[in-house]
Every structure is written in C-alpha cells, then in structure tokens.
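Report on one structure; see the data block that follows.
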Amino acid sequence: MSEADPTTIGSTAPGHYGSASTALFLREATIATAWNVHGDAGSASLRAEVQRIARLVLPMAANTTSKGEGVTALWLGPQSWLLVAADAAALGDFAGARDAVNAAGGALFDVSASRIAYAVDGAPAAAIMAAGCPLDFHPRHFGAGQCRQSLYGRVPALFYRHREPPDCTMLVARSFAHDVWRSLCTAAAPCGYTVRAAAPFG
Amino acid sequence: MLLIPCPWCGSRNQVEFTYGGDATLKRPPPDAPVEAWYEFVYLRDNPCGPHDELWLHSAGCRRWLKVRRDTRTHDILASARPDQALPGGEP
Ligand SMILES: [Zn+2]
C-alpha cells in the first residue's frame, strides 16, 4: 500500500490517511446496473417475472435482502425494491425486462447511474457509520443480509450488510457522493483509515 | 429526539420523518359551501394531549403513516398505516 499524504483527508486515492491505526478500510463498491422495481408485493405474476429476470426471490420482509447470481435485491419499501449488479451481464437487457414487468402490473426503472456505493470495513466501521447516521448498527439490530434506508448527515442513504458486521456498505445519490465520502473520511481520520481500490459491489 | 415506530420499517429516529399535519381532517365534498372548504384548508385545532397526525417516512420507506403523539409530552402513543385505524379510534 502506497503512503498517501495524511493531510488530504477526503482523497479517493488508495493509501493510508489520518492516525496510524490500520483497522478501518474504505472503498468504493462499483455498480454496473441498478434497477428499481415498483409494484404490488402480493402479485404472484410480478414476483414470478422478477424471479425470471433477476433469478432471485424478491425480499418481502422489511429491511431484508435476497441474492441471486451476481444480483442483490434490497427492500426499499412495501412496494419498492432495488436490484443491484456489479456486472452488467447479470441483469441483461433493460427494455425487455421493463416491458415484462409492466405486463405483470409493475414498473421498472433503470437507476444505474443514480447511486454510488461505499464499503466501510473493520472494527471501527459501526462507529464511523453511527457518526452520521441515527440507525443502530449493533449486530443484534442490523445483521448480515439486512438493509435500511436512513440518512448520513443530511443525505438520504441506503445501508446494506452483505456480510457479518462490522462490514457495511452505503449507497448514496451520485450528486451527494463527494460530500458523503468527505464526511466518512473526516469521521474516520481520528482513528486512521485505509482507502482501498474500488471493487465490485456485493 | 423522538423514536417513531414506522409500521413497515420499525422504530426509527424522528430525523428520518417529515411531519404531515392533522390526520383527523376529512375532505369536504366538492360541492360543500366555501366555509367548509375554508375550515378544511386553513383552520386547525391546537389540541393539548393525544393528537393523531400524519407523518411521512421520507428518508426511509417513503410511506405515509398515522402517529398518535401527546402534544404535552411528545410521547408517541401509537402508529398505524394510513388505511388502518389507530387503536381506540379517534381521540
Ligand atoms: Zn418506513
């Protein structure tokens, strides 16, 4: 790992920043495709159509996720889900999928460019998330496979734990991502953090 | 700080929510006299005690919900989906 300038808190260049401790890691989790599914959770035809397109079962329980081959479905609300894939091939052609979901009474939106994901890992991760977010990140309340929509600072954010805590990934609107990254780095600097190279989501 | 129980997401911090006003108002029929519309649009009670309110879980599931809040203590007494009654009916 290269030695980064410790004064440039907020830089996205891989390297170590802040205090000397090396327990905390930040990186971007790259997203190729993100589709927003809207529709009636009680509709068997909608669920079947999404299962055909994304090869996963939509999570019906609040704050939960499900996984298929290269695709993660995150519960956003009782009629809304986010399908995320790090590789565009995992979800395929949008127009065909949209028409199929429309025919099943739902709606599908291509929001691939709308969010950036940041992965925070290491023992102090929960404290760094809690510095800007009112959610309880204790594993008892927010375990692996769960997601929550909330805020980081004043920015709406979607939090997702695809592995056991302390690891956590947060998705924020691209237009706010620079500010959120700076906030994360500022919160992390007192304990020291390492920026890793971007890696695929999930 | 208030903890508001979202009927879908569970207990969440107040900062995730947006206040949406009195939940007990009933929209008058379209041909109601102008006085009824004036009252519906502009006039509000200022109750002391339990009050049924609309809140939007704006930073969460983006759903509207009903919340019964005690205006004296800020105690959150109950919450429900918009299409469901709060326990005990209207205060
Ligand atoms: Zn909610």
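Is it the case that segment B:42-61 has a residue that's within 12 Å of the ligand (Cβ to nearest atom), part of a loop (DSSP other than H, G, I, E, B) and open to solvent by 30 Å² or more (accessible area, probe 1.4 Å)?
Within segment B:42-61 (the criterion being within 12 Å of the ligand (Cβ to nearest atom), part of a loop (DSSP other than H, G, I, E, B) and open to solvent by 30 Å² or more (accessible area, probe 1.4 Å)), the answer is yes, since at least one residue qualifies.
If the Cβ limit is 7 Å and pairs must be 6+ apart or interchain, which residue in segment B:30-59 that is more than 26 Å from B:Phe17 (Cα to Cα) pairs with which residue that is not hydroxyl-bearing (Ser, Thr, Tyr)?
Pairs found: B:Ala36/B:Pro28; B:Trp37/B:Pro28.
Within segment B:7-20, is even one residue touching a helix residue (DSSP H, G or I) at 6+ places or on another chain (Cβ under 7 Å), within 12 Å of the ligand (Cβ to nearest atom) and within 24 Å of A:Val37 (Cβ to Cβ)?
Looking through segment B:7-20, none of the residues is touching a helix residue (DSSP H, G or I) at 6+ places or on another chain (Cβ under 7 Å), within 12 Å of the ligand (Cβ to nearest atom) and within 24 Å of A:Val37 (Cβ to Cβ).
If you check every pair at least six apart or on different chains, which have Cβ atoms under 8 Å apart with a residue in segment A:87-114 that is more than 11 Å from A:Trp35 (Cβ to Cβ) first and a residue that is basic (Lys, Arg) second?
That search, which allows pairs on different chains as well, returns A:Ala100/A:Arg52; A:Ala113/A:Arg174.
Being farther than 18 Å from B:Arg81 by Cα and surrounded by 10 or more Cβ atoms within 10 Å (Cβ to Cβ) narrows it down to one residue among B:Val15, B:Val34; which is it?
The conditions single out B:Val15.
Quick one: in segment B:62-84, which of the residues that are within 14 Å of another protein chain (Cβ to nearest Cβ) and more than 14 Å from the ligand (Cβ to nearest atom) is surrounded by the fewest Cβ atoms within 10 Å (Cβ to Cβ)?
The residue in question is B:Asp83.
Hey, can you tell me all the residues within segment B:21-31 that are surrounded by 14 or more Cβ atoms within 10 Å (Cβ to Cβ) and more than 22 Å from B:Arg69 (Cβ to Cβ)?
Of everything in segment B:21-31, just one residue is surrounded by 14 or more Cβ atoms within 10 Å (Cβ to Cβ) and more than 22 Å from B:Arg69 (Cβ to Cβ), namely B:Pro28.
For residues that are part of a loop (DSSP other than H, G, I, E, B) and either within 11 Å of chain B (Cβ to nearest Cβ) or within 16 Å of the ligand (Cβ to nearest atom) (or both), scanning just segment A:133-184, find the one that is most open to solvent (accessible area, probe 1.4 Å).
Top of the filtered list is A:Arg154.
Only one residue in A:Thr33, A:Thr65, A:Thr8 is of a type in the set (S, T, N, Q) and surrounded by fewer than 16 Cβ atoms within 10 Å (Cβ to Cβ), so which one is that?
Only one candidate passes the filter, namely A:Thr8.
Can you tell me which residue in segment B:2-12 is surrounded by the fewest Cβ atoms within 10 Å (Cβ to Cβ), limited to those that are within 8 Å of chain A (Cβ to nearest Cβ) and hydrophobic (A, V, I, L, M, F, W, C)?
B:Trp8
The values are calculated or read from the model by the stated rules, or taken from the named source; none is laboratory data. On a predicted model such as this, the values are computed, not experimentally measured, just so you know. Backbone-built Cβ (ideal geometry, glycine too); neighbour counts: all protein chains shown. Areas reflect the complete protein model, heavy atoms only, side chains present, ligands, DNA and RNA absent. Shrake-Rupley method; radii C 1.70, N 1.55, O 1.52, S 1.80 Å.
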